[in-house]
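To start, the structure itself, in structure tokens.
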Amino acid sequence: MWRWLHPYAKPEATYRLVDKLLPWFAAFTVVSLAVGMIWGLAYAPADYQQGDSYRIIYIHVPSAIFSMAAYFAMAVMGAIALIWQIKTAEWAIPAIAPVGAAMTVVALLTGAIWGKPMWGTWWVWDARLTSELILLFLYVGVMALYYAFDDVRTGAKAASILAIVGVVNLPIIHYSVEWWNTLHQGATITKFERPSIATSMLWPLLVSLLGFKLLTISLVMMRFKNELLRHELHRPWAQKELSADKELSDGV
Amino acid sequence: MNSWQLWRSVLAKDLRIAARRRSDALNPLMFLLMVVTLFPLGIGPGPDILERIAPGIIWVAALLATLLGLDRLFKDDYNDGSLEQLCLLPEPLAYTLTAKVAAHWLLSGLPLVLLSPLLALLLNLPVDAWWALALSLLLGTPALSALGAIGAALTLQLQRGGSLVSLILLPLFIPLLIFATSAVENAGMGLDVHAQLAILAAISVLTVTLAPLAIAAAVRMSMN
Amino acid sequence: MAFESFGEFLQMGGYGFYVWLSFFLSFLVIAGVALDAALGRRRLQRQSQTLQRRKRRLAKRQQSPVKESTR
Amino acid sequence: MTKPVTTQRVNTDTPLLHADGVSSIRGGRVLFAQLQFALYSGELWQISGANGAGKSTLLRMLAGLLQPSSGGVFFNGHKLAAYRNEFHQQLLYIGHKAAVKPELSALENVFWQRRLGGDKSAQLNDERDWDVLEQLGLLGLEEELTGRLSAGQQRRVALTRLWSSTAELWILDEPFTALDVDGIALLQQRFKQHLDNGGSIIMTSHQPLGLADLPLQQLTLAPLQQEAMSE
């Protein structure tokens with residue numbers, strides 16, 4: 001497998017691969033998101049308890065899941081960068097972090113908005129929302145550290161280490177927050193727990209999950225392409241690639 | 001060149017540099033947000049307790065966040081000689097330095113005001129008190145920046161002046177804290193807040209007009 | 001179809017404001033990330049152009065040495 | 001204790017800048033005492049002395065950044081403290097620390113130096129700035145952040161002020177530091193121009209100036225004996 005992967009340590013080859021795959025990912029993102037959203041919003045039945053407000057779940061749950069998955073992916077990239085000294089893996093960190101942070105923000109926003117009709121306030125220190133908030137802080141820390149150094153490689157290494165530390169901490173944070181929450185208030189109904197969800201609601205959720213997965217990957221790819229170009233700006237292939245879309249640059 | 005243009009040039013230069021070092025301005029804000037998050041985690045998420053202590057938490061966190069950013073206010077300019085050049089301008093130093101203080105306020109005070117609704121939301125502050133919180137920050141933060149600049153200028157020559165700045169400044173911040181939290185609390189209970197806000201405004205006006213003299217004196221002292 | 005009419009669909013059983021607000025804000029955030037990536041490419045383009053302009057200017061300068069005028 | 005001043009007085013009217021009995025005592029140590037010094041238009045002075053002799057301190061006093069422990073500095077016969085505004089309009093001081101911002105590009109640095117130097121017509125991307133940058137061999141680096149340039153290049157960015165300023169009196173602390181041979185030659189050429197236009201320069205330098213046609217005058221700060229303390 002490593003022999004197969006090895007060429008992709010070369011930025012240009014990676015760029016070509018990502019460039020080729022991105023349109024497919026983008027297209028499937030649009031399709032699956034459209035199907036998932038329309039299905040979830042219009043065709044899935046209303047919840048007998050929460051009415052139609054539960055439809056926020058079709059964004060909230062996928063974005064929450066992929067905000068964590070993106071952090072995990074970032075940590076994996078960090079590990080690869082540290083262990084095998086592969087530069088392209090280092091550059092994946094600034095590509096993934098803002099996308100993951102955006103997913104976290106979406107999960108927080110939808111969670112807060114969902115909370116308003118359910119609990120009557122925009123913000124409740126519910127276990128999942130609290131861990132999402134902490135996750136956002138972790139993302140911010142990684143990004144701040146990455147950009148804090150004058151030398152990009154040092155910054156990438158520092159951010160990699162922090163990402164890995166964060167991933168180890170993530171479950172601990174999650175469970176401690178859950179424990180803290182149950183300790184302090186048994187009264188709050190955990191609305192986000194769905195012990196059994198009807199199949200008619202589950203299917204659109206699964207499609208949305210797929211859509212968000214593809215969306216996350218596509219956004220990361222877009223940013224990753226930029227990172228590759230940024231670090232290779234002095235190379236002829238990058239300059240050629242950038243001057244190819246000339247029609248954009250006329251106004252500059 | 002008239003002095004107003006010079007003032008704007010100093011301000012514009014500082015803002016441009018801040019745009020190149022975005023994390024310097026953003027880190028104190030994130031710090032503020034995290035500190036505010038720590039309180040519910042430490043005390044418990046009960047809305048009643050949080051509501052009770054919210055004004056104090058937010059203002060204390062705001063004071064700490066302000067202190068974080070102060071260290072760099074004059075330090076870079078001092079280290080690279082730009083501050084010397086400001087001393088050598090025909091315009092009075094006390095006047096040109098207000099441009100730097102204004103830049104500091106735009107980068108630290110104003111974001112605090114804009115962030116305040118979010119903080120209020122996190123700490124379950126009654127909606128009636130939101131505007132009072134924002135207003136108290138809007139009226140109080142100019143004084144924070146001006147007083148902070150005095151502390152920063154006084155400790156310029158020290159290599160590690162960070163903790164000393166806090167020791168100097170926190171006592172000076174106390175009146176602001178008292179009147180601001182009182183205003184927010186009163187607003188939450190539906191009481192009149194004009195007196196507190198008026199006092200805050202008076203403190204700010206007084207500080208912003210008089211502090212530049214102290215800042216300029218401190219900077220000239222640091223030139224030795 | 002869970003709704004009788006389009007109007008009902010918009011109302012979401014009384015929860016329309018919350019449902020649509022959360023969809024709208026999520027869209028805004030995600031579109032922001034995508035837009036930033038697109039703008040990032042433009043910024044890179046500009047940087048690349050600056051680099052090439054710099055190269056050209058240096059080449060030109062090597063042909064004709066510094067002119068003498070000062071102000 | 002009076003220092004011998006090696007001026008051959010070229011004219012007899014009031015000097016542009018003169019120091020009368022200036023002393024500096026720092027941390028209980030006397031750097032120099034009762035210094036007499038006079039500079040006329042069109043003169044170039046080099047202040048030399050061993051490390052720690054107080055060269056930079058003297059320059060900062062002459063620039064009005066430091067108060068002399070005793071004595072006074074006069075510009076056109078007026079005491080500096082009372083004549084600050086006019087003095088600073090005619091003064092260009094470049095200290096050891098060159099006031100170059102690492103976060104700004106070379107072009108932006110030049111622009112802001114012009115702006116803060118009082119030139120309100122200054123624009124970013126000014127043709128004049130491009131000329132200056134070209135003369136100093138910084139072309140091609142103008143959009144690089146200054147912090148990423150080498151020490152010598154950063155020094156060149158700082159020295160662009162000599163080309164853009166209209167000040168009459170230059171006070172320069174070690175202007176040749178970190179410059180290569182080309183840079184030094186360029187700077188000396190600019191000195192000559194400035195002197196020919198009736199300007200004057202006071203500078204410190206470890207290097208002996210190489211140009212014979214520069215009318216150089218020397219002021220040497222010799223290490224003082226402890227006896228000076230008693231004064």
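Remarks
- Within segment D:164-199, if we keep just the residues that are in a helix (DSSP H, G or I) and in contact with an Asp or Glu (Cβ under 8 Å, 6 or more places away or on another chain), the residue that is surrounded by the fewest Cβ atoms within 10 Å (Cβ to Cβ) turns out to be D:LYS192.
- In segment A:146-202, of all residues being at pLDDT 75 or above and part of a loop (DSSP other than H, G, I, E, B), the one that is nearest to the chain's Cα centre (by Cα) corresponds to A:PHE149.
- Qualifying residue in segment A:13-23 (condition: more than 23 Å from the chain's Cα centre (by Cα), within 12 Å of chain C (Cβ to nearest Cβ) and at pLDDT below 90): no
- Scope segment A:82-91; condition hydrophobic (A, V, I, L, M, F, W, C) and either within 14 Å of another protein chain (Cβ to nearest Cβ) or surrounded by fewer than 21 Cβ atoms within 10 Å (Cβ to Cβ) (or both); matching residues: A:LEU82, A:ILE83, A:TRP84, A:ILE86, A:TRP91
- Among the residues of segment B:1-48, those identified as among the β-branched types (Val, Ile, Thr) and either crowded, with 16+ Cβ neighbours inside 10 Å or within 24 Å of the chain's Cα centre (by Cα) (or both) are B:VAL10, B:ILE17, B:VAL35, B:VAL36, B:THR37.
- Among (1) more than 12 Å from chain B (Cβ to nearest Cβ); (2) in a loop (DSSP other than H, G, I, E, B) - the single one A:VAL124 does not satisfy: (1)
- B:SER145 out of contact with any helix residue (DSSP H, G or I) (no Cβ under 7 Å at 6 or more places or on another chain), more than 21 Å from B:ALA54 (Cα to Cα) and outside any loop (DSSP other than H, G, I, E, B): no
- Filtering segment A:38-55 to residues that are of a type outside the set (Asp, Glu) and facing chain C (nearest Cβ under 8 Å) leaves A:LEU41, A:ALA42, A:TYR43, A:ALA44, A:PRO45, A:ALA46, A:GLY51, A:SER53, A:ARG55.
- Residue check, B:SER166 within 23 Å of B:PRO212 (Cα to Cα), among the hydroxyl-bearing types (Ser, Thr, Tyr), out of contact with any Asp or Glu (no Cβ under 8 Å at 6 or more places or on another chain) and not in a loop (DSSP other than H, G, I, E, B): yes
- Options A:ALA79, A:ALA44, A:ALA73; residue that is of a type outside the set (D, E, K, R), in contact with a Pro (Cβ under 8 Å, 6 or more places away or on another chain) and either surrounded by 15 or more Cβ atoms within 10 Å (Cβ to Cβ) or in contact (Cβ under 8 Å) with a residue 12 or more places away in the chain (or both): A:ALA44
- If the condition is being of a type in the set (Asp, Glu) and closer than 12 Å to A:MET222 by Cα, then segment A:8-32 contributes only A:ASP19.
- Residue pairs whose Cβ atoms lie under 6 Å apart, sitting 6 or more positions apart in sequence or on different chains, and linking a residue in segment D:48-70 that is within 18 Å of D:ILE201 (Cβ to Cβ) and at the interface with another protein chain (Cβ under 10 Å from one of its Cβ atoms) to a partner that is assigned to a loop (DSSP other than H, G, I, E, B) and of a type outside the set (S, T, N, Q), are D:ARG60/D:LEU66; D:LEU65/B:MET223.
- Checking the stated criteria, A:PRO62 turns out not to satisfy the condition of being in contact with a Phe, Trp or Tyr (Cβ under 7 Å, 6 or more places away or on another chain) and either under 17 Å from A:ARG153 (Cβ atoms) or without any contact (Cβ under 8 Å) to a residue 40 or more places away in the chain (or both).
- Per-region count, segment D:95-112, residues within 20 Å of the chain's Cα centre (by Cα), among the aliphatic types (A, V, I, L, M) and within 8 Å of another protein chain (Cβ to nearest Cβ): 3
- The residues on offer are A:VAL30, A:VAL106, A:VAL99, and the sole one that is within 12 Å of chain C (Cβ to nearest Cβ), out of contact with any helix residue (DSSP H, G or I) (no Cβ under 7 Å at 6 or more places or on another chain), under 19 Å from C:LEU28 (Cα atoms) and at pLDDT 90 or above is A:VAL30.
- Residues of segment B:179-195 classified as of a type in the set (A, V, I, L, M, F, W, C), in a helix (DSSP H, G or I) and surrounded by 14 or more Cβ atoms within 10 Å (Cβ to Cβ), total: 5
- Test: residue in segment B:82-101 that is within 11 Å of the chain's Cα centre (by Cα), more than 16 Å from B:ASN224 (Cα to Cα) and part of a helix (DSSP H, G or I): yes
- All conditions but one from (1) under 24 Å from the mean Cα position of the chain (by Cα); (2) more than 7 Å from chain A (Cβ to nearest Cβ); (3) within 30 Å of A:SER200 (Cβ to Cβ) apply to C:ARG43; the one that does not is (3).
- Filtering segment B:121-141 to residues that are farther than 18 Å from B:LEU176 by Cβ, touching a Phe, Trp or Tyr at 6+ places or on another chain (Cβ under 8 Å) and assigned to a helix (DSSP H, G or I) leaves B:LEU121, B:LEU122.
- In segment A:141-158, the residues that are of a type in the set (Gly, Ala, Ser) form Cβ pairs under 6 Å with partners that are surrounded by 14 or more Cβ atoms within 10 Å (Cβ to Cβ) and in a loop (DSSP other than H, G, I, E, B), at six or more places apart or across chains, as follows: A:GLY155/A:PHE149.
- Residue in segment B:17-24 that is in contact with a Lys or Arg (Cβ under 8 Å, 6 or more places away or on another chain), at pLDDT below 90 and at the interface with another protein chain (Cβ under 10 Å from one of its Cβ atoms) present: yes
- Residues in segment B:181-204 that are β-branched (Val, Ile, Thr) and touching a Phe, Trp or Tyr at 6+ places or on another chain (Cβ under 6 Å): 2 in all.
- Among the residues listed as B:ALA132, B:ALA94, the single one being more than 14 Å from chain D (Cβ to nearest Cβ) and of a type in the set (Gly, Ala, Ser): B:ALA132
- Some residue of segment B:155-163 being over 20 Å from B:ALA62 (Cα atoms), among the β-branched types (Val, Ile, Thr) and at pLDDT 90 or above: no
- So D:ALA151, is it closer than 22 Å to D:GLN189 by Cβ, surrounded by fewer than 18 Cβ atoms within 10 Å (Cβ to Cβ) and within 14 Å of chain B (Cβ to nearest Cβ): yes
- Segment D:194-231, subset of a type in the set (S, T, N, Q) and at pLDDT 85 or above, residue nearest to the chain's Cα centre (by Cα): D:THR204
- Single residue of segment C:1-26 satisfying the filter (of a type outside the set (Ser, Thr, Tyr), facing chain A (nearest Cβ under 7 Å) and under 21 Å from A:PRO62 (Cβ atoms)) that is farthest from the chain's Cα centre (by Cα): C:ALA2
- Looking across segment D:71-94, the residues that are within 7 Å of chain B (Cβ to nearest Cβ) and in contact (Cβ under 8 Å) with a residue 60 or more places away in the chain come down to D:GLN89, D:LEU91, D:TYR93.
The values are calculated or read from the model by the stated rules, or taken from the named source; none is laboratory data. Because the structure is a prediction, the values reported are computed rather than measured. For neighbour counting, all protein chains shown are included, and Cβ atoms are generated from backbone atoms with ideal geometry for every residue, glycine included.
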